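Report on one structure; see the data block that follows.
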Amino acid sequence: MDDGYNREASRELTKLLPAILFLRPYLKQVAFAGVALVATAAITLSIGQGLRLVIDQGLSEESGALLERTIIIFALLVVCLTVGTMLRFYLVSWIGERVSADIRLAVFKHLIRLHPAFFEENRPTEIQSRITTDTTLLQTVIGSSASIALRNALMFIGGVVLLVLTNPKLTLVVLVSAPLVIAPILFLGRRVRRLSRSSQDRLADVGTHAGESLRHVKIVQSFNHEARDEFEFTDRVGAAFGVAVSRIRQRTFLIALVMLVVMAAIGVMLWIGGQDVIAGRTSAGELAAFIFYAFIVAGALGAISEVYSDLQRAAGATERLVELLGAADGLPEPAKPAELSKSGGLTLSVRDLSFAYPSRPEVLVLNGVSFQVRPGEMVALVGPSGAGKSTLFDLIQRFYDPSGGAISLNECGLRTLRRSDVRERIGFVPQDPVLFSGALRSNVLYGNPGATAEQLDNALRLAHAETFVHALPKGLETLVGEGGVGLSGGQKQRLAIARALLTDPALLLLDEATSALDAESEHAIRRSINEIKGRCSILVIAHRLSTVRQADRILVLDSGVLVAEGGHDALIRSNDLYARFSRLQLEGRTLPAA
């Protein structure tokens, strides 16, 4: 059973290897830290010999000069030990912080480019916990625990060698007691490792619940859900605490058991060694040195038993991070991408397009949709909720690949193009505008950080955002909270339009871009749309008749199928769904879901 457990433990600790690979750029620092570690271990072990000399020569021979010389040597060793420990601590801590930062960067750089479907199956708040909590744990292990483990392993090996050289007879006591110390470390280590992984999972649940509740605090308070959220959060915190206490209890029992066995062994050694000193078979200095090395060996075993569980926790954290780093991108980039012109107009072609979300493949959201948007043309998409309009926008930006059919830009299929090239030519305004915490300027410049002041002012003017932005006390330097806290829905939407226009898109996708605007702002946006018509292609999802009538053509979607296409007047005569939409708009209502 021990062999099986050792193999299992080895497999667990080999999970740390991916994290260790991040040390490669810092081999010089690792080498210096290793030298300092070996040096401090050697100096610590040599102190035992200095102690023997002080007792056997300085004190026993009652020589003041010899005592002074041995004390000076002892002091020099302590100074060297202090300097070496400082260097080791600084270098190892620096390496831990640097590697932790590199792992965070590597995970984030990988995740930020993954297709959106990955985040439908994996909770972003849990991923956030992995990036922060797990990398912090790795930083602690690499910057502290690993160094402690290596140093104490050297101390243990060196201490055992010096024990044998100092007094082989007493060394037998150490060898007999060693299995009694190691056995509980191996036996209880399995449970500690399992509880450590469970503790990390429970902490992730705590972070996920807190993040969701605080991010949507208005909804929580609007439904008077505070007490229920407190209860659920308390339950998760209690579960995390319970697992942590179980882990601490196991570690406490392990440490206490190791200390008891070690102290008992030292007591036996003192009794046997004392008898030898009295009988003249060994000197007091040798006994003192032996006891010193025995404490060194015992302390090394105790330290290793403590950091062993940390190493196992780090193995679990590394496994979770490696899962993120190894997450496959469901939208592979082409090996030899086609070139998409970075200037000029775009022709959007959609041919026999079908799509079902990976989470529900049996439900077709789009089915056999075909149409074309020519350069400079404005096309409106109308239809009831759930008709597939927003999904179509996701496919055009290649957030997903279609289940059937194809989408192309200038006759180049999206699968043959780099995703960045596709999105560089497309401007997008979502139905629920997203603003990031920071200044208004950085939000508007989000897609084009190098834009000139003239381009920025022009985008704000076209989006009818110039007036309200300049009316703010700090203008574009005004800070907003996460999600644009502090701004109205209409203001956020106008800023989102300005952000899209600032990228100078060849194809502009507007998803209900005027839904949150008042009548005056909507009128201004319609004027802006008229102004940019012809300069870029526009595909707009709209529920307002005033916006739809601006389009050159109108596409009517129903249950994922393109049921009609044409101008406003022709569709009123030929399509009942569009006629109902138009009639309800004139009555001041929007099109209901079918």
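Could you check how many residues of segment 395-412 are among the hydroxyl-bearing types (Ser, Thr, Tyr) and part of a helix (DSSP H, G or I)?
0
One residue is enough: does segment 161-183 have a residue meeting the conditions modelled with pLDDT under 75 and closer than 29 Å to ILE127 by Cα?
No: segment 161-183 contains no residue that is modelled with pLDDT under 75 and closer than 29 Å to ILE127 by Cα.
Inspect all residues belonging to segment 433-441 and state whether any of them is in contact (Cβ under 8 Å) with a residue 12 or more places away in the chain and part of a helix (DSSP H, G or I).
Within segment 433-441, one or more residues are in contact (Cβ under 8 Å) with a residue 12 or more places away in the chain and part of a helix (DSSP H, G or I).
Could you grab the pairs with beta carbons closer than 8 Å, sequence gap of 6+ or different chains, first residue in segment 577-589 and closer than 16 Å to SER385 by Cα and surrounded by 13 or more Cβ atoms within 10 Å (Cβ to Cβ), second one of a type in the set (D, E, K, R) and at pLDDT 80 or above?
Listed by first residue and then by second, the contacts come to LEU577/ASP558.
Just wondering, is there one or more residues in segment 404-411 that are hydroxyl-bearing (Ser, Thr, Tyr) and more than 21 Å from VAL429 (Cβ to Cβ)?
Scanning segment 404-411 turns up at least one residue that is hydroxyl-bearing (Ser, Thr, Tyr) and more than 21 Å from VAL429 (Cβ to Cβ).
Residue by residue through segment 449-484, note down the ones that are more than 24 Å from ILE538 (Cα to Cα) and touching a residue at least 40 places away in the same chain (Cβ under 8 Å).
Those that are more than 24 Å from ILE538 (Cα to Cα) and touching a residue at least 40 places away in the same chain (Cβ under 8 Å): LEU479, VAL480, GLY481, GLU482, GLY483, GLY484.
In segment 85-119, what residues are in contact (Cβ under 8 Å) with a residue 12 or more places away in the chain and among the hydroxyl-bearing types (Ser, Thr, Tyr)?
Listed by number, the residues that qualify are THR85, SER93, SER100.
Do you know which of the residues in segment 519-552 that are within 40 Å of the chain's Cα centre (by Cα) and within 19 Å of SER349 (Cα to Cα) is surrounded by the fewest Cβ atoms within 10 Å (Cβ to Cβ)?
So, considering only residues that are within 40 Å of the chain's Cα centre (by Cα) and within 19 Å of SER349 (Cα to Cα), the one surrounded by the fewest Cβ atoms within 10 Å (Cβ to Cβ) is CYS536.
In segment 99-172, which helices (runs of 4 or more DSSP H) lie fully inside it and hold 2 or more residues that are surrounded by 19 or more Cβ atoms within 10 Å (Cβ to Cβ) and in the same structural domain as GLY48 (by TED's automatic domain parsing)?
So the answer is 124-129, 135-140, 146-166.
Restricting the search to segment 123-136, which residues are over 9 Å from the mean Cα position of the chain (by Cα) and at pLDDT 75 or above?
The one that is over 9 Å from the mean Cα position of the chain (by Cα) and at pLDDT 75 or above: THR136.
Does segment 538-573 hold any residues that are modelled with pLDDT of 90 or more and of a type in the set (S, T, N, Q), and which are they?
none
Whether any residue in segment 13-31 is in a helix (DSSP H, G or I), more than 24 Å from ASP134 (Cα to Cα) and at pLDDT 85 or above is what I want to check.
Start the filter on segment 13-31 by keeping residues that are in a helix (DSSP H, G or I), which leaves 13-14, 17-21, 24-31.
The next check asks that each one be more than 24 Å from ASP134 (Cα to Cα); those that pass are 28, 31.
In the following step, the residues that additionally are at pLDDT 85 or above were identified as 28, 31.
Yes, that holds for at least one residue.
From the list LEU392, LEU440, LEU460, LEU414, which one is touching a helix residue (DSSP H, G or I) at 6+ places or on another chain (Cβ under 7 Å) and either at pLDDT 90 or above or of a type in the set (Phe, Trp, Tyr) (or both)?
The conditions single out LEU414.
The values are calculated or read from the model by the stated rules, or taken from the named source; none is laboratory data. It should be emphasised that the depicted structure is a prediction, and the values quoted were computed from it without experimental measurement. Heads up, the Cβs are rebuilt from the backbone with ideal geometry, glycines too, and the neighbour counts pull from every protein chain shown.
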